[in-house]
Amino acid sequence: MKSINDINSHFRGGKFFETKYVEKKSQFSGGKLFETKETMIGRYIIIVDEAKKADRLGLDKIIDKIEMKNTKVLPSLKILKEGVEFMYEAYKNLFLKYDEFFANGNVCNTSSAFEIIPSKDSQAGNVSIGVNQLATKDQIVGSVSFGDTTSQLDFPSGNLIINNLDIQLITGSTLEEIVTTINSSSANVLASIIQPNVGQFEILITSNNQGSPITITDDQDLQILAYFGISQSAATSASLSAQITINGVAYTRPSNNITDLDGVLLSGATINLKETTQNPVVVKVLQNYDAGVKLFQDFAKKL
């Protein structure tokens with residue numbers, strides 16, 4: 001974010017508005033907002049400069065000195081002090097939000113399938129988006145059921161290997177203890193116990209990430225996997241990843257939260273996928289000039 005000193009280097013003599021904003025004034029009712037406010041703002045350049053100096057030298061020190069004075073003798077000085085404080089805050093609130101003025105923001109989106117959050121690098125225009133597949137998390141369910149979760153189990157001791165990480169399991173452990181052991185590892189999965197039917201408990205292993213298939217084996221000739229009825233996942237990165245089209249171009253991403261679409265109309269934008277679409281949906285990205293107008297209007301109210 002720009003500092004007060006950086007921004008004020010453009011502001012001296014009112015040049016900031018001429019170099020940064022006047023080129024946009026045709027967007028604001030023929031430039032009337034700028035024509036009526038620039039002159040007014042220019043009148044406060046000295047106060048703003050003093051606010052900048054106060055920021056550099058320490059506004060609190062200046063205020064403390066003024067407070068030490070007899071306000072009955074120097075009422076105008078007290079008013080000036082309050083004015084400088086007020087203008088100082090208004091100055092920061094306006095110019096430290098420089099990026100907001102140039103950011104894109106509005107999306108005419110009537111689809112429930114996705115949400116678009118444009119960035120300042122996104123280009124305004126019509127975009128056709130199709131969601132062919134959502135990203136999902138891989139899951140492996142054990143096919144062997146157990147009567148409870150607390151009985152000791154008679155499987156061979158050894159290492160359960162999940163995503164290339166060895167997880168030591170000891171014979172005599174309960175189903176609950178095995179789940180705890182897996183979740184205490186850094187295998188990037190979540191183990192849980194499901195009850196598909198009354199009195200039937202099975203182990204479920206879910207990947208922590210969308211788009212990532214689970215690899216699983218053991219070092220006991222697959223005897224541990226067989227004991228729990230666990231098989232290798234048949235999922236692939238492609239089957240677990242999001243598949244979308246933007247203006248007819250296909251994209252595959254491992255997550256439903258997409259943030260790396262550089263080089264297209266939605267450069268820098270975030271797209272949150274929610275459901276698939278039968279046909280591509282056309283949305284319109286509009287530049288959010290309203291936010292910039294509001295910043296100037298709020299600033300003008302403080303003058």
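Please work out if T150 is more than 22 Å from L240 (Cα to Cα) and touching a residue at least 24 places away in the same chain (Cβ under 8 Å).
Details: more than 22 Å from L240 (Cα to Cα): yes; touching a residue at least 24 places away in the same chain (Cβ under 8 Å): yes.
So T150 passes the test.
Look at segment 205-235 and say how many of its residues are outside any loop (DSSP other than H, G, I, E, B) and either closer than 26 Å to T252 by Cβ or not assigned by TED's automatic domain parsing to the domain that holds G142 (or both). I'd like the intermediate steps shown before the answer.
As a first pass, look at segment 205-235 and keep what is outside any loop (DSSP other than H, G, I, E, B): 205-210, 216-218, 223-228.
With the extra rule that they be either closer than 26 Å to T252 by Cβ or not assigned by TED's automatic domain parsing to the domain that holds G142 (or both), the set shrinks to 205-210, 216.
Of the residues in segment 205-235, 7 are outside any loop (DSSP other than H, G, I, E, B) and either closer than 26 Å to T252 by Cβ or not assigned by TED's automatic domain parsing to the domain that holds G142 (or both).
Name the residues in segment 170-226 that are more than 20 Å from F155 (Cα to Cα), free of Cβ contacts under 8 Å to residues at least 60 places away in the same chain and aliphatic (A, V, I, L, M), would you?
A187, V189, L190, V198
Just wondering, is there one or more residues in segment 180-201 that are in a loop (DSSP other than H, G, I, E, B), modelled with pLDDT under 95 and hydroxyl-bearing (S, T, Y)?
no
Just to check your reading of the model, which residue among V141, V127, V131 is farther than 30 Å from L261 by Cβ and either in the same structural domain as I214 (by TED's automatic domain parsing) or within 34 Å of the chain's Cα centre (by Cα) (or both)?
Working: V127 fails: farther than 30 Å from L261 by Cβ; V131 fails: farther than 30 Å from L261 by Cβ.
Going through V141, V127, V131 in turn, just one is farther than 30 Å from L261 by Cβ and either in the same structural domain as I214 (by TED's automatic domain parsing) or within 34 Å of the chain's Cα centre (by Cα) (or both): V141.
Which one of I194, I246, I203, I258 is β-branched (V, I, T) and touching a helix residue (DSSP H, G or I) at 6+ places or on another chain (Cβ under 6 Å)? Before you say what the answer is, go through the steps one by one.
On the way: I194 fails: touching a helix residue (DSSP H, G or I) at 6+ places or on another chain (Cβ under 6 Å); I246 fails: touching a helix residue (DSSP H, G or I) at 6+ places or on another chain (Cβ under 6 Å); I258 fails: touching a helix residue (DSSP H, G or I) at 6+ places or on another chain (Cβ under 6 Å).
Testing whether each residue is β-branched (V, I, T) and touching a helix residue (DSSP H, G or I) at 6+ places or on another chain (Cβ under 6 Å) leaves just I203.
For E176, all conditions in the list (1) farther than 25 Å from D221 by Cβ; (2) in a strand (DSSP E or B); (3) not assigned by TED's automatic domain parsing to the domain that holds T276 hold save one; what is the number of the exception?
The single condition E176 does not satisfy is (2).
Whether any residue in segment 221-233 is modelled with pLDDT of 95 or more, of a type in the set (A, V, I, L, M), in contact with a Phe, Trp or Tyr (Cβ under 6 Å, 6 or more places away or on another chain) and within 30 Å of Q195 (Cα to Cα) is what I want to check.
yes
The values are calculated or read from the model by the stated rules, or taken from the named source; none is laboratory data. Quick caveat, the model's predicted, so the values are computed rather than measured. In this analysis, Cβ positions are derived from the backbone assuming ideal geometry, glycine residues included, and neighbour counts consider all displayed protein chains.
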